[in-house]
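Since the structure comes first, as structure tokens, the remarks are kept for the end.
The values are calculated or read from the model by the stated rules, or taken from the named source; none is laboratory data. These figures come from a predicted structure and were not determined experimentally. A quick note on method: Cβ atoms are made from the backbone with ideal geometry, for glycine too, and the neighbour counts reach across all protein chains shown.
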Amino acid sequence: MTFQISDERDESRYAAYVDDKPVGYAEWILVSKTILLPYIEVEPAFHNKGIGSMLVGRILDDARDEGLTLLPLCPFAHRWTEQHPEYNGVARAPMLGELGAMQAALATARERRRSWALSTYATPGTQLA
């Protein structure tokens, strides 16, 4: 099996592939010099294989290289950054006043996430929540 993490920022995500098949993604929203990371999704058959960790690590590495900070809004990403103090200068908590400004970006991300998940993972007749 070959694992690949692909920077697909033009589609507002990083994606994970196993043998060229999409198995997960991380929603990525850039607001000024801060990345919002609201969602990480990994196909259930690939849970506990480190794919979510590879996604978060790659995004944080790219953010650091580009002088950006990251708000890990996804519970998985939040826990992951707490367990990896080497990213303390990149991952951060929201500042006063930021949460209100993020709501519109997050609503858009939710719709994009649902649309992408339906087109990528759903088989005919499948309904995703």
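Considering only region 118-127, I want to know if a residue exists there that is among the hydrophobic types (A, V, I, L, M, F, W, C), under 23 Å from Val23 (Cα atoms), modelled with pLDDT of 95 or more and in a helix (DSSP H, G or I).
no
With at pLDDT below 95 and in contact with a Pro (Cβ under 9 Å, 6 or more places away or on another chain) as the only criterion, which of Leu96, Leu73 stands out?
Exactly one residue qualifies, and that residue is Leu73.
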